[in-house]
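See below for the structure under consideration.
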């Protein structure tokens, strides 16, 4: 007797390796996947200007990052002593305009370099709802008074149009992994969330068909809604996937998009990172010293065998730890 409807995912025709450069943009679910990639030392940059949820803001974010157009004072807003851009996350806000511009443009420079060198882009759509201020879609409202904004829903045609333009211009020549975030947007109600996700999913299908040579769809939304399909796979807020759910989605992503020839390397990296995070009961004991030496030898072997992988953090930790002995 079967109590689940496991999803079958067609393996990608191309695979991510440690030589690949990646860029993730969109919903915070994109960060879940990119965080797992980063933990295994894949080259990946994720949401340098903060999470973007609607397709319009994602497209404008990519356009700006690609052009490298610097933020200027006239674009900033000030509210309750904080200066910020509605095109970026609150983490880049500051108590003066000068500090805010410095943070924004530093993040933009990093993003421009990462996107330019990226071989693939993970793009995660969160909602079709947009908020407009003076007729312009914003990426982040920064808790400004609600009366400053009007809200509307993007239709399938608009979503497809704005993203297709970016795919053909700024992301030309790059592989694109398109997903719909399983994170629920319940502020407007369950019915509206269902309609929003349906619009995104139809648009994603059209984009994947239109750009079939470069765009693939990864069914993160379907995994959560149909394969897992149980409230126990949600966090306490009943909105975000639980850690167990994220782990499962990551496993399926790895099976379909990571190069199988590197699975053993990933296991060794995972063991090494875990070993470097180990905290012994007796840090001055001979047993821990032997453990550090053995771990350092493994780290040197990996660094020599796989020069494309950066083990600098682990090398520094092990060198410092052994020096203290």
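The values are calculated or read from the model by the stated rules, or taken from the named source; none is laboratory data. Just so we're clear, the structure is a prediction, and the values are computed from it rather than from any experiment. As a convention, Cβ positions derive from the backbone with ideal geometry for all residues, glycine included, and neighbour counts pool all protein chains shown.
Brief remarks on what is shown
- When residues of segment 133-151 are limited to those that are in contact (Cβ under 8 Å) with a residue 60 or more places away in the chain and not in a strand (DSSP E or B), the one farthest from the chain's Cα centre (by Cα): 144
- In segment 178-234, the residue that is modelled with the lowest pLDDT out of those that are out of contact with any helix residue (DSSP H, G or I) (no Cβ under 8 Å at 6 or more places or on another chain), buried (at least 17 other Cβ atoms within 10 Å of the Cβ) and over 23 Å from residue 6 (Cβ atoms) is 193.
- For segment 37-56, the set of residues classified as under 12 Å from the mean Cα position of the chain (by Cα) and either outside the structural domain of residue 250 (by TED's automatic domain parsing) or within 23 Å of residue 137 (Cβ to Cβ) (or both) consists of 46, 47, 48, 49, 50, 51, 52, 53, listed by residue number.
- One residue from 130, 166, 162 being touching a residue at least 40 places away in the same chain (Cβ under 8 Å) and not in a helix (DSSP H, G or I): 130
- Selection over segment 68-90 of residues that are in a helix (DSSP H, G or I) and either without any contact (Cβ under 8 Å) to a residue 40 or more places away in the chain or surrounded by 13 or more Cβ atoms within 10 Å (Cβ to Cβ) (or both) gives a count of 3.
- Matching residues, segment 277-287, being in contact with a helix residue (DSSP H, G or I) (Cβ under 9 Å, 6 or more places away or on another chain) and surrounded by 10 or more Cβ atoms within 10 Å (Cβ to Cβ): 278, 280, 283
- Segment 294-312: number of residues that are exposed (fewer than 12 other Cβ atoms within 10 Å of the Cβ), under 31 Å from the mean Cα position of the chain (by Cα) and under 26 Å from residue 282 (Cα atoms): 1
- Test: residue in segment 38-47 that is in contact with a strand residue (DSSP E or B) (Cβ under 9 Å, 6 or more places away or on another chain) and part of a helix (DSSP H, G or I): yes
- Matching helices (runs of 4 or more DSSP H) fully within segment 227-325 where at least 1 residues are over 30 Å from residue 197 (Cα atoms): 263-276, 286-305, 312-323
- Within segment 91-116, no residue satisfies the criterion of being in a helix (DSSP H, G or I), within 21 Å of the chain's Cα centre (by Cα) and more than 18 Å from residue 45 (Cα to Cα).
- Counted residues, segment 48-67 - those being assigned to a loop (DSSP other than H, G, I, E, B) and at negative phi: 6
- Only residues that are over 20 Å from the mean Cα position of the chain (by Cα) and closer than 16 Å to residue 12 by Cβ were counted across segment 210-235, and they come to 3.
- For residue 150, the test of being assigned by TED's automatic domain parsing to the domain that holds residue 53, farther than 26 Å from residue 206 by Cβ, in contact with a strand residue (DSSP E or B) (Cβ under 8 Å, 6 or more places away or on another chain) and loosely packed, with under 13 Cβ neighbours inside 10 Å is passed.
- Residue in segment 190-210 that is part of a loop (DSSP other than H, G, I, E, B) and not assigned by TED's automatic domain parsing to the domain that holds residue 292 present: no
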